[in-house]
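Only the coordinates and a few stated rules stand behind these numbers; no lab work does. Everything numeric here is computed off the predicted structure, so don't read it as measured data. Cβ: placed from backbone, ideal geometry, glycine included. Neighbour counts: every protein chain shown.
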């Protein structure tokens, strides 16, 4: 495997940014690709620093693309930059220009943790034609609740900067709304894992119940664990098994 740090210019963001990429070195055909998204307090290096993602990807001959989006909630920020546009419109094209990777839907996946779990499911639900599978680990899946009820100062600051008081309930930034109105015939396979001791546990329960009401298949499990890298390192190999299975 090759571990590559890429610095490049983004037209959507109008600045230089970075991503970390894990690439298989063997094989005659372009490998499948996983977009792996970071959490609120992390960056594009976090998955390689705190988990063995490079080793896990080797077992699947899988390329892994880890972009940098700061504290954006994978949205076009009201007071900031267009990170949703960057992620969903610009990044895939750049990745395929830079690297020889599969462009087939059945070999393209997305996953993430915490804020990145939210981003992974938002991307999969808003652009289901891109992905065969999507995974959320300990995802911040009820953004409306975060916006209205979470009074932690850093969350209030992020919500104000990103949404400027705009109520996300019932919009395309609201995963529960997207699930309610999704065409289940077009969706990728979905997997959710969260620890029962995680502060986002109840949000994940609400997402599971929303999928059940909508009749949308969801591979979901809860087990003891918190909002911590030991939990995510334990579950990311299972996520790779899930996304790459036939």
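Global dimensions of the chain from alpha-carbon coordinates: Rg and Dmax equal 16.8, 52 Å.
Let me make sure I get this right: for the stretch 1-138, a, b and c are the square roots of the gyration tensor eigenvalues over alpha carbons, sorted descending. Under 1.5 in a/c it's rounded, otherwise prolate if a/b > b/c, else oblate. Which is it? In terms of gyration-tensor shape, rounded. Among 106, 205, the ranking by other beta carbons within 10 Å of each residue's beta carbon, starting with the fewest, stands as 106, 205.
Based on C-alpha pairs under 8 angstrom that are at least 6 apart in sequence, the chain has a relative contact order of 18 percent.
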